[in-house]
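Here is the structure we will look at.
Nothing in this text is a laboratory measurement; each read-out follows from the coordinates by a stated rule. Note that the structure is a prediction, hence the values are computed from the model and not measured. Glycine gets a Cβ as well: all are built from the backbone with ideal geometry, and neighbour counts include every protein chain shown.
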Amino acid sequence: MPHIKAYLTWRNTVIGAALVFLFLFVLMPLAILVWKSFFGTEGDFSLQNYLAVYSKRRNWDAVVMTVVVCGLTMLFAVIFATGLAWLVVRSDLPFKRQFRSMFFMPYMIPPYVGAIAWILLLTPGVGYVNVILVKYLGFAAPGPLNIYSLTGLVWVMTLFYYPLAFLNVASALEQMDNSLEEAARISGAGPLRVIWDITLPLAAPNFFAGGLLVFAAAASAFGIPAIVGMPSRIYVLSTQVMTYVYMGTPAGMREAIALSVVLMVLAIITMTAGNRILARRKYTLVGGKSARVQAVSLGRLKPVALAAAVLLSGILVILPVGAIVLTSFVNIFGQPLEPGNFTLSHYKYILTFKMAQEAFRNSFVMGAAAATLALLLASLIAYYRVKARSRLAEVSDLIATVPYATPGTVIALALIIVFSGKFGLNLYNTMAILVLAYLIKYLAFAVRTISASLEQIDLSLEEAAQISGASWLQSFKDIILPLVRPGLIAAWFLVFMACFYELTMTILLYGPQTHNLGVVLYELQTYSNQQAASVLSVLILIVVLGGNLVVARVTKGKIGI
């Protein structure tokens with residue numbers, strides 16, 4: 001008995017420390033941010049900040065534009081994702097596995113890198129696509145396509161956030177019992193009728209949940225709206241918050257906080273609605289006999305579908321990545337692509353550029369630190385969630401998940417308020433506040449990945465170690481961790497890659513010595529150094545795609561590509 005008490009004490013002490021960390025560094029900053037939003041210039045509790053914010057037309061315009069952009073992105077993403085998911089899951093399309101990886105690839109490309117790629121393609125006058133349309137197809141200069149527009153913004157947002165819906169829809173279609181579809185086909189229903197009357201209604205909750213996930217991600221995005229929207233004076237809530245923070249005045253900060261709270265509430269409501277839709281569905285996707293999915297024959301449409309899949313793969317991946325790679329070798333952007341207009345000088349510039357070198361070092365150090373801390377903390381939270389299955393375990397899991405649904409600008413503002421010296425700890429302009437921000441934002445990645453691995457481990461192994469005299473730390477280190485090693489490696493890389501190129505929080509929190517690759521790339525693009533920005537984008541892509549390959553190999557394709 002004394003040994004069992006010591007075992008429980010060690011476990012409770014370590015897990016308790018993890019829960020205290022969650023409360024102090026995750027829950028408390030967000031709670032203080034909400035609390036501060038209700039205090040005006042006189043320091044009294046009031047709605048003054050909210051009244052000031054929403055008495056201004058530009059803020060209402062930002063709210064409306066956020067709803068419009070995110071709503072259109074959600075609509076087109078769900079339609080797009082549904083069609084692609086059906087092709088690679090339910091049809092007999094050739095090379096389905098390869099196309100599935102290709103259709104998921106945009107999720108691995110940093111969104112603002114994708115935005116830069118489409119700027120290179122669709123800028124009037126000099127964008128590669130516009131140049132081709134004018135030169136070879138007779139369109140009037142500067143070309144018919146303009147990336148700096150509402151249409152361009154929604155286009156880029158859709159292309160880089162639809163994979164969130166794609167994952168939900170593909171999962172539903174894979175698990176669906178196809179007996180009802182077979183019965184409909186036997187009864188004489190055509191393929192389109194079966195899809196409309198059977199497949200879509202059965203998987204509707206996953207469509208809606210995936211769509212709401214896209215809406216929440218789009219609402220919290222900063223990189224694409226900043227790079228594509230702001231030059232055309234299209235402001236959404238995330239970029240409007242940034243504008244107020246950059247004012248550098250107490251009034252600007254108060255209005256930024258009030259807008260941030262609204263943005264956080266919008267994101268959390270959306271994510272919660274998506275989870276409830278999935279939790280309350282009143283049917284079973286997987287039947288009792290078999291979950292095997294029978295491929296629907298495309299018949300004479302198979303060559304057309306194959307050609308469409310190849311074309312879409314080119315548009316989604318090859319075209320934007322190719323534009324970035326090509327531009328990285330171009331001497332003068334906008335000039336004809338002739339042998340004399342190609343150079344390696346931009347690579348030499350970036351590789352010898354002191355700020356870029358510091359950014360690479362900072363990105364690696366901060367990403368590795370955040371990933372390692374997230375791994376340690378997530379291992380304890382996931383263990384507690386899977387093994388304890390108590391109300392407190394559910395609450396701790398919720399606290400770890402909420403920041404992922406919270407826009408990065410909101411988290412950054414919360415950390416500025418709490419860790420700028422007012423509460424006894426000043427981390428502003430330090431690397432520590434950035435590592436903390438990354439840890440808070442992406443902790444859910446690690447918790448979810450490790451929890452999935454822990455679910456597969458029987459509790460009897462740990463009990464056997466306990467009976468044999470091992471302490472909880474020994475059994476956790478020698479039994480649990482080795483068994484979930486693939487999940488741990490995947491969790492580390494998933495957090496590291498997200499932190500490596502992070503922009504939304506970093507743009508608010510970085511100091512003179514703590515800029516990362518996202519900030520340097522944003523500044524290069526903002527100051528119209530397209531070729532240098534493209535070189536840096538290529539280097540970021542190499543690291544990110546390489547990391548995804550490692551995750552895919554370690555997890556045998558279950559996570560990542």
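The table below lists the values:
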item	result
ASP92 long-range amide H proximity, modeled H, under 5 Å	VAL296, LEU298
Options GLY367, ILE381, ILE332, ranked by Cα towards positive dipole end of region 304-463, top entry (Cβ charges)	ILE332
Point-to-point label distance, LEU392-LEU47, nm (Cα→Cβ direction, 7 Å offset)	3.9
Efficiency of FRET between LEU319 and TRP35 - r from beta-carbon atoms, R0 45 angstrom, step 0.05	0.45
Full-extension gain in nm, ARG485 to ARG553, via 0.36 nm per residue minus C-alpha separation	23.2 nm
Pairwise label distance in nanometres, SER232 with THR372, each label 7 Å out on the Cα-Cβ vector	4.4
Pair THR343, TRP60: separation of 7 Å Cα→Cβ label points (nm)	5.1
Calculated FRET efficiency for the pair LEU311/THR352, C-beta based, R₀ 35 Å, to 0.05	0.30
Contour excess over end-to-end distance, with Cα ends at ALA141 and ASP92 and 0.36 nm allotted per residue	13.3 nm
Isotropically averaged projected area of region 45-174, using the convex hull of Cα atoms (one quarter of hull area), nm²	12.1
Region 478-561 - Kirkwood radius from inverse mean 1/r over Cα pairs (Å)	14.5
Quarter of Cα convex hull surface for region 296-449, i.e. mean projection, nm²	16.9
Residues with amide H under 5 Å from that of VAL330, placed H, sequence gap 5 or more	THR343
